[in-house]
Amino acid sequence: MISLGWNTELFQYICDNIPEAHVLVVDVSAIIAAPPRCRRNRNAFFPDDSVVSQVRGARGFDEAVECCECVLRRHGIVLVMCKGGNHRAPTVADSMKRGYRFIFHATLRTRYPLRRRNIAVLVHACVKSKSGDSFYRQLTQEIEEKRCDIRFCAGWQAGDLDTGKWDTSNRFPKAGADVEVLSVRDCMCTVEEKDTGCTYTLPITWLVPKCVFERRECW
């Protein structure tokens, strides 16, 4: 799941380039009202204790979490949003931690910013989009022409994320394994795991920029 702000360039980028992603959006700011201005600490952001306790104690918090869980179950990803992505959205997303869920705070002010295209990989991996073919075609071309400056890793792992029961047949690299893309054919790619030298064939949508994977909330 991705927490972000609807008043950000990242969300505008997603709207412009992946309009199908609107079904993934839960605007928790429409469910959880912002506190009165007199009760706001303008210098505090998630995960500050005062922010977390205030948001978790607000009316509508449980409803917001359930709405996000519903979208997550249906689509495998949810965009948890508030105005800036600094208080309500990351607090709701954080409360949904369990198992091996991939949680990423995309516009949180206390985290360093990443390229919008790198973050868009997470959305493209989970939603069928008209722009998806051109997105991956451009990425593939850059990889094949050695113009791609992104370090990739395996972003997902075969198995059940909630239970942690993995496919141990060694058909796929483990999530987080550094890989080099050797070739791409249609929607599949052949990669070499850098640490072991083993090669695997997996969907190109399983590739995640290393900088994004390292920024996920710890499992």
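Here are some notes:
- Region 117-132: number of residues that are buried (at least 20 other Cβ atoms within 10 Å of the Cβ) and of a type in the set (D, E, K, R): 0
Every residue, every condition in (1) buried (at least 18 other Cβ atoms within 10 Å of the Cβ); (2) under 29 Å from SER131 (Cα atoms), yes or no:
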position	(1), (2)
ASP16	no, yes
VAL26	yes, yes
ARG40	no, no
PHE46	yes, no
ASP62	no, no
VAL80	yes, yes
PRO90	yes, yes
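- Index of the failed condition, LEU10 passing every other in (1) in contact with a Phe, Trp or Tyr (Cβ under 9 Å, 6 or more places away or on another chain); (2) part of a helix (DSSP H, G or I); (3) among the aliphatic types (A, V, I, L, M): (1)
- Top-ranked residue in region 1-27 [being charged (D, E, K, R) and in contact (Cβ under 8 Å) with a residue 24 or more places away in the chain; ranked as nearest to LEU114 (Cα to Cα)]: GLU9
- Set side by side, the residues SER134, SER183 differ, and just one is closer than 29 Å to HIS22 by Cβ, out of contact with any Pro (no Cβ under 6 Å at 6 or more places or on another chain), modelled with pLDDT of 85 or more and of a type in the set (Gly, Ala, Ser), which is SER134.
- Filtering region 17-41 to residues that are more than 10 Å from ARG88 (Cα to Cα) and part of a helix (DSSP H, G or I) leaves ASN17, PRO19, GLU20, ALA21, HIS22, VAL23, LEU24, ALA30, ARG37, CYS38, ARG39.
- Complete set of residues in region 175-219 that are of a type in the set (D, E, K, R), more than 18 Å from the chain's Cα centre (by Cα) and surrounded by fewer than 14 Cβ atoms within 10 Å (Cβ to Cβ): GLU180, ARG185, ASP186, ASP195
The values are calculated or read from the model by the stated rules, or taken from the named source; none is laboratory data. This one's a predicted model, so the numbers in the text were calculated from it and none came from an experiment. Glycine gets a Cβ as well: all are built from the backbone with ideal geometry, and neighbour counts include every protein chain shown.
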